[in-house]
1. Can you tell me the accessible area per residue over the chain, all protein chains present, probe 1.4 angstrom, in square angstrom?
2. Summarise the accessible area of the range 463-545 (1.4 Å probe, protein heavy atoms) by the percent that is carbon and sulfur.
3. Per residue and in cubic angstrom, what volume does the convex hull of the Cα atoms of the range 305-396 have?
4. Percent of accessible area on the range 268-355 owned by carbon and sulfur, 1.4 Å probe?
5. Assuming 0.36 nm per residue, please report the length gained on full extension of the stretch D265 to A385 beyond their Cα-Cα distance.
6. What is the distance, in nm, between label points placed 7 Å from the Cα along the Cα-to-Cβ direction at A457 and at S114?
7. Run the 1.4 Å probe and let me know the accessible area of E144, rounded to the nearest 10 Å².
8. How big is the accessible area of E532 in square angstrom, nearest 10, if you roll a 1.4 angstrom probe over the protein chains?
Amino acid sequence: MTAVGQPPDDRVTDVLIIGAGPSGATSARILAESGYRVTCLEQGGWVNRIDYPSDKLERDVLCASSWSIDPNVRQGAWDYPCDVSESDMHPLNFNGVGGSSMFFGAEWPRFVPSDFKVRSLYGLADDWPLTYEELEPYYTLLDEMVGVSGRPGDPAYPPTVEPPMSEAPIGRIGVKAAEGMNKLGWHWWPATQAIMTRTHGDRGACARRGMCMSGCPEGAKGAFDVAMWPAALAAGATLITEARVREITVDKAGLANGATWIDTDGREHHEAASIVIVCANGVGTPRLLQLSTSALFPDGLANSSGLVGKNLMMHPFVGVLGVYEEQLESWLGPFGANLYSLQFAETDLSRGFARGAKWSAMAIPGPMELLAKYADLPIAERTGAAGQALVERGLGRAFEWAASIEDLPDESNTVTLSPDLVDGSGIPAPKLTYRLSEDSIRNLDWNVERMHEAHRAAGAIETKTVPWMPAVGWHMLGTARCGSDPLTSVVDGYGRSHDVPNLFVLDGSVFVTSSSVNPTSTVVAFAARAVEHLMETAGNQKVPV
């Protein structure tokens, strides 16, 4: 256990935040800078930039073991395991300061305006209780706070979107991908990314290692341990690390009054607070709410709707590899997307499925990543001399178009408490039940065909489908959805629980629909808007006596 920030004393903290990832860090910074006494409990600890695998010769070994993005592989002391025995996709996350942003690819697209109103436009799922226009100022604010690069003018977005830094080079793979898209008349644009393209303070400019998902040694990537926590701590927030939260506690009136947590020696502590904000991601948050039972909340905290843990969305993902004759230097990053396409992001029911997809043209930073694209081959055809031939043919000459599709909410896709699996403190692990819908399968198949077409239009001499599932669950959304009706949602449009008025959820759990784009910019914009509203309405806020 390590506490950083203001020294603890006997006063009750104003706001207790559970989880030090993107939304927790954002909430802590804004509240602390506004004079609130803030404490954050984080299950993991700090990672030193010099320890990242990205610049190590043994990177591939580390990424397959102690630095895996899959907690069930990593099995670190900070982790909790996940029961995936009934899930088509496996959650990928990181417990530590900065949360899963430590390993994210740093793609930073916003939702497009239609993503907030798919019910009104298409008769699908439900509308959000807020609009793009209401969230736009907070998108802009977080772009500045995190350090976002991109190119203004993307016709897929309103003209007001202007990233504060110029885009990273799209590289030869970006040029090649764009050539094919131009021949087909399809949209593409240099990617907007939480990656700095100029040095600022102790954060260096992007070195284009292409290894964003194993940590950025330069600090260019906007992982929230470097992009947000230093300012939050400087403003007076307290961050307690290696603090495993077991339960959110309530008083006799049903108000949240803090949380019980366990340190690395197994000792229990209680942190008292006037307001509790949960930022533990779309798996960790419903797990914690379901663990927090009492006589007043026998089915879990904030769960009168019965929707805590339901409607899990995970962004199914598939790729198509294209191999080219010319040298493309395709080991150069950024990894997540040299450019992206929203050509097929909007709904077109004539395609035979409900929603759309976002494409990314992705680097292949090394020989092991290239060989992984051929993992479906018999081992004799991808090892030894055969494997060397694949590497010699494709390394630097191949890139991947990858599609993330929007999966719609389904109450049968859930996060519950595992009856069999526990974490290192004996607390029940989360159990995921997630099945790909027929609609999602049709969406994936349709986009695979289009990506083959895009590669062929660009001159690829070989194209190959690359199935990423099941280990592709980067985005865990929808398990404590927001809405105006307490019967059909868990929190309101500002993340406040309908059942417990001083309890907030401000992570991806609140998503009503998932869009097809990466969610982090929307997660933190929602959190910023919510904490601003919390402060504006503080005079009417109910708190425990």
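1. 36
2. 55
3. 183
4. 49
5. Extra length from D265 to A385 when fully extended: 38.2 nm.
6. 1.8
7. Accessible area, nearest 10 Å²: 120 Å².
8. 70
The values are calculated or read from the model by the stated rules, or taken from the named source; none is laboratory data. Values in this document were obtained by computation on a predicted structure and should not be read as measured data. Using ideal geometry, Cβ is built from the backbone for each residue, glycine included, and neighbour counts are taken over all protein chains shown. Please note that ligands, DNA and RNA were not included when accessible areas were found on the heavy atoms of the full protein model with its side chains. Shrake-Rupley method; radii C 1.70, N 1.55, O 1.52, S 1.80 Å.
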